[in-house]
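The values are calculated or read from the model by the stated rules, or taken from the named source; none is laboratory data. Please read these numbers as outputs of a predicted model, since none were measured by experiment. As a convention, Cβ positions derive from the backbone with ideal geometry for all residues, glycine included, and neighbour counts pool all protein chains shown. Heavy atoms of the whole protein, side chains included, go into the accessibility calculation; ligands, DNA and RNA do not. Shrake-Rupley method; radii C 1.70, N 1.55, O 1.52, S 1.80 Å.
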Amino acid sequence: MDLLIVPIAICVYVIIKTALEEKEEKERELKRQQKELAKQEIEQYAKEVEKIISLYRPKKILSIQDGEKVSCNSKFINNEIVLTTKALKNNLINKMNVCMEFDEEINSILSCKGYYSTKDKYNYLNSQINNLHALKDKRNDFYNELMRNKIYLLNEDQLMTNKIKNAFIHLLFSKKCIADSIGIEEFILNEKPKELSLFEYKSEPTIIYLNTFYFCLFSNAILVFDALGNFSTALDPTAIDFNIKKDTQYGFMRNGIYTYQDNIDSDSKCISKGQSNFSWLHARYDGSPDLRYKDNYQIESRTDVYEYGIITINILELSISFAVSSEKAITDFEELKTIYIKKRNHSHNSIPELLLLLKNVSNNNNNNNADDLIIKYKLYSRRNHYFCKEIVI
């Protein structure tokens, strides 16, 4: 009897232990599933929270700041554009405060202050959807209306703008274009400074970057922006000058294959063809072919003289030179120098307008009324824009 009790007790123990282990395993599995579900729920709420925040987070507005001043002689400054731009920027800065108030209110809601769990944040944000939507619409409508204010550049010469652009494009794509201080791709840019968006124009400008300033070349004005893209000043085209010098180097031809020196290439102008010389791959002392070699062929060689250009661009006190192989770039800049000078000689002169105004004031016996003169001159100038005017597009 005693012998039977021990095995039975062992079996009962094993059964109970197994049952307990299975129960514990089920409990662990249940907790794991609950934990996984809780994690999935948190992740889902987090995604929904991020979705709402992304949808209603205010878009970055144009940062209006005073630009770094470029050193230049006052005679080069286009005051009409500078004063118009300054007035527009001051107006935008004042009105941007309204946009910033909308942004602060929206960001205050999106920060979910006082709510810590993702579920609580989601529930709070979900309750604020209508409010967020209304604030976003008001803010965007106000900002879009605000940014419709532009400075329209007047009297653009599209042909001139295209000639400027073509000259710099041929400079950019010259087979050889060598400068000591900067690469051509760093000098001629497609990137636009941010505050160029304040201007409305017909033809895209040529944009060059020199000494931390962007220079946007239009037909009758040069807009200058600092490294952050803030408007710095506007210049008359007389602030820029192109100096073109020509020099020569040798190009060597051997059986139709050309080898060029440093500054010339296949796009260079050949100004003198040398006399062809003929020899053999394997020649005897007297210059005749060595008949011991089957694959012995005649070699034609020639030394030609090619022209390259050194194009120096001077703007204000800044200067950069490029040694270029392209004949097209050289001729383009030679033409550009001439026609750009011709263009600037016909630039707007406001002195006759001022003299006419002085005559009118004098005829009205208001010679000594300086305030009256200033007011009338401002009114007259507003009706007689030449370079730019403020518009709402």
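Of everything in region 262-318 that is free of Cβ contacts under 8 Å to residues at least 24 places away in the same chain and of a type in the set (S, T, N, Q), the residue that is most open to solvent (accessible area, probe 1.4 Å) is GLN298.
Which residues, counting only those in region 166-199, are in a loop (DSSP other than H, G, I, E, B) and among the β-branched types (Val, Ile, Thr)? Matches in region 166-199: ILE182 only.
Which residues, counting only those in region 171-181, are more than 20 Å from the chain's Cα centre (by Cα) and surrounded by 17 or more Cβ atoms within 10 Å (Cβ to Cβ)? Step through it out loud before you land on a result.
Step one: of region 171-181, the residues more than 20 Å from the chain's Cα centre (by Cα) are 174-181.
The answer is SER174, LYS176, CYS177.
Name every residue in region 212-240 that is open to solvent by less than 10 Å² (accessible area, probe 1.4 Å) and without any contact (Cβ under 8 Å) to a residue 60 or more places away in the chain, in order of residue number. Within region 212-240, CYS216, LEU217, GLY229 meet the criteria. Looking across region 122-158, the residues that are under 20 Å from THR206 (Cβ atoms), touching a helix residue (DSSP H, G or I) at 6+ places or on another chain (Cβ under 9 Å) and at pLDDT 90 or above come down to ILE151, LEU153. Determine which member of the set ASN263, ASN255, ASN277, ASN190 is polar (S, T, N, Q) and within 14 Å of the chain's Cα centre (by Cα). After applying the criteria, what remains is ASN190. The set of residues from region 182-198 being of a type outside the set (D, E, K, R) and either buried (at least 16 other Cβ atoms within 10 Å of the Cβ) or touching a strand residue (DSSP E or B) at 6+ places or on another chain (Cβ under 7 Å) (or both) comprises ILE182, ILE184, PHE187, ILE188, LEU189, PRO193, LEU196, LEU198.
Residues are listed down the side, and each one gets a yes or a no for (1) over 23 Å from the mean Cα position of the chain (by Cα); (2) surrounded by fewer than 16 Cβ atoms within 10 Å (Cβ to Cβ); (3) of a type outside the set (Asp, Glu):
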position	(1), (2), (3)
GLU101	yes, yes, no
ILE109	yes, no, yes
CYS112	yes, no, yes
THR118	yes, no, yes
ASN126	yes, yes, yes
LEU135	yes, no, yes
ARG139	yes, no, yes
GLU145	yes, yes, no
ASN162	no, yes, yes
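Taking the numbered list (1) open to solvent by less than 90 Å² (accessible area, probe 1.4 Å); (2) among the aliphatic types (A, V, I, L, M); (3) out of contact with any Cys (no Cβ under 9 Å at 6 or more places or on another chain) in turn, VAL49 passes all entries but (3).
Among the residues of region 58-99 satisfying the criterion of being touching a Cys at 6+ places or on another chain (Cβ under 7 Å) and at pLDDT 85 or above, which is surrounded by the most Cβ atoms within 10 Å (Cβ to Cβ)? So that I can check it myself, show each step before the final result.
Applying the first criterion (touching a Cys at 6+ places or on another chain (Cβ under 7 Å)) to region 58-99 yields 61, 80-81, 84.
Next, from what is left, pick out any that are at pLDDT 85 or above: 80-81, 84.
On the way: GLU80: 19, ILE81: 25, THR84: 20.
That would be ILE81.
Sub-8 Å Cβ pairs linking a first residue in region 10-38 that is within 22 Å of LYS119 (Cα to Cα) and free of Cβ contacts under 8 Å to residues at least 24 places away in the same chain to a second residue that is of a type in the set (S, T, N, Q) and part of a helix (DSSP H, G or I), at least 6 apart or interchain, number zero.
Pairing each residue of region 191-211 that is closer than 12 Å to ASP226 by Cβ with any residue that is open to solvent by 60 Å² or more (accessible area, probe 1.4 Å), provided the two are 6+ apart or on different chains, yields C-beta distances under 8 Å for LYS194/LEU228; TYR209/GLU186.
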